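The values are calculated or read from the model by the stated rules, or taken from the named source; none is laboratory data. Predicted, not measured: the structure shown is a model, and the values here were computed from it. Cβ sites come from the backbone with ideal geometry, for glycine too, and all protein chains shown count toward neighbours. For the accessible areas, the whole protein counts, side chains as well, though only heavy atoms, and no ligand, DNA or RNA atoms are used. Shrake-Rupley method; radii C 1.70, N 1.55, O 1.52, S 1.80 Å.
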Amino acid sequence: MTIITTIEDLRILAKKRVPRMFYDYADAGSWTESTYRANSEDLQKIKFRQRVAVNLENRSTRSTLIGEEVAMPVALAPTGLTGMQHADGEILAARAAEKFGVPFTLSTMSICSIEDVAAHTTKPFWFQLYVMRDRDFIHRLIERARAARCSALVLTLDLQVLGQRHKDIRNGMSAPPKLTIRNMLNLATKPRWCLGMLGTPRRQFGNIVGHATSVSDLSSLSSWTSQQFDPALSWADVEWIKQRWGGKLIIKGIMDPEDARLAVESGADALIVSNHGGRQLDGAQSSIGALPAIVDAVGKGIEVHMDGGIRSGQDVIRALALGAKGVYIGRPFLYGLGAMGEAGVTKCLEIIRNELDLTMAFCGLRDVRDVDRNILLPGSF
């Protein structure tokens, strides 16, 4: 039996069990992948101050995100095609997150639909929305999220155009996979994955097929999605969506202090410092590199979250120390899902919380809400 102690252990196991095109989809960035790598590498440069002879009893990782109580300041990020890492992946990840006590964010581009996830969970989850040209479809998605009792809408602003991801192009990435000789040979080495997929009817974009106008099957889906991401997106659209949603709103994809100030002016409840996991603009600053200036720019005007490069509980603390209220994990939970299904997502969360707790203790703290820059070694950030 494989002994799992780190997120890297989960990644290695997921790579063995998930078909190449879907593993690469999760584990790749755009162009040269320099920003994808920088997200993690820049976090590792930040060093801690180790403290001793401090009372470390009764430690707590509990916190709040947009007013919601959480077991630790971590949320599962919205990730497209989660249900292609493992059969019914979004349902399994949402259940693991609910049991653990952290938010799960369902992507617009999920395999399992909003209704699927709502039917298999008992507490509200968050829903991530892309702005598309078909505003009637967007309005219906918002209504569906409301009907499913989603407690927050995460509005992604950094996908007006799609970054070039070389691995996806080479792999001919699609859901379900196209039955080319190359793909069939690869699928033949993933029997566990194939059996899981044979056991579920959920193999296409559940929020879109049968809901968007003129999209009734896979043959019409590709042409629809290629035309739908809206390059004319503006802050007026954010206001339009905010009015129709009427609930907690989180804006994702902020990398510049000027955009952060505009997010504050929009009336959003939180913003996420994010470069889309290095999957959009290659050569952009890392998320942790952009975080301090954005925190300084917005002050207490909005809750600041961060996404990108988090691979451990230590990375969580680094982001909190530089001003984030919480962080999102995408690839780590996808590795867990691909490796071991729901149990793998739970294992991912356990690893991160354990690392968070121990690092907090070594830095002389008992409560995660007390993390600030004082725990970091001067000159390392």
**Message:** Which one, 163, 330, 21, projects farthest toward the positive side of the charge dipole computed for the chain from Cβ point charges (K/R +1, D/E -1)?
**Reply:** 21
**Message:** Can you give the FRET efficiency to the nearest 0.05 for residue 200 and residue 366, using r as the Cβ-Cβ distance and R₀ = 41 Å?
**Reply:** 0.40
**Request:** Could you size up the charge dipole of the chain around its Cα centre, putting +1 on the beta carbon of Lys and Arg and -1 on that of Asp and Glu, and report it in debye to the nearest 20?
**Result:** 960
**Message:** List the pairs from 47/325; 252/300; 16/123; 99/252; 45/347; 45/300 whose alpha-carbon separation is above 23 Å, in the order I gave them.
**Reply:** 16/123; 99/252; 45/347; 45/300
**Request:** Grab the beta carbon distance between residue 166 and residue 8, set R0 = 25 Å, and tell me the FRET efficiency rounded to 0.05.
**Result:** 0.60
**Asked** Residues with beta-carbon under 11 Å from that of residue 166, excluding residue 166: net charge, scoring Lys, Arg +1 and Asp, Glu -1?
**Response** -1
**Request:** Hydropathy first: keep DSSP H helices in the chain averaging at least 0.0 on Kyte-Doolittle, then drop any whose Cα extent along the axis falls short of 20 Å, and list what survives.
**Result:** 342-362
**Request:** Treating cross-link reach as a plain straight distance, find the aspartates and glutamates whose alpha-carbon is under 18 Å from the alpha-carbon of residue 242, omitting any fewer than eight places away in the same chain.
**Result:** 134, 136, 143, 158, 230, 259, 265, 269, 303
**Message:** Give me the 1.4 Å probe accessible area per residue for region 1-124, excluding ligands and nucleic acids, in Å².
**Reply:** 42
**Cα coordinate range in the chain, projected on the principal axes (Å, largest first)** = 63, 53, 42
**Prompt:** Where does the charge balance sit around residue 286 when Lys and Arg score +1, Asp and Glu -1, over other residues with C-beta under 14 Å from its C-beta?
**Reply:** -2
**Complete:** Magnitude of the Cβ-charge dipole (Lys and Arg +1, Asp and Glu -1) of region 266-359 about the Cα centre, nearest 20 debye, reported as 80
**Complete:** Magnitude of the Cβ-charge dipole (Lys and Arg +1, Asp and Glu -1) of region 305-358 about the Cα centre, nearest 20 debye, reported as 120
**Request:** For region 86-232, count the residues as N, evaluate 2.2 N^0.38 Å, and divide the Cα radius of gyration by that value, please.
**Result:** 1.10
**Request:** Pull up all non-local amide H partners of residue 152: gap of 5 or more, or a different chain, and H-to-H distance under 5 Å with H placed in the peptide plane.
**Result:** 127
**Request:** Give me the accessible area per residue for region 249-330, probe 1.4 Å, as a whole number in Å².
**Result:** 28
**Prompt:** Of all accessible surface on the chain at a 1.4 Å probe, what whole percent is carbon and sulfur?
**Reply:** 52
**Complete:** Length gained, residue 60-residue 182, 0.36 nm per residue minus C-alpha separation, equals 39.0 nm
**Request:** Among 210, 249, 195, pick out the residue whose Cα is farthest towards the positive end of the charge dipole of region 165-267, where Lys and Arg carry +1 and Asp and Glu carry -1 on C-beta, about the Cα centre.
**Result:** 195
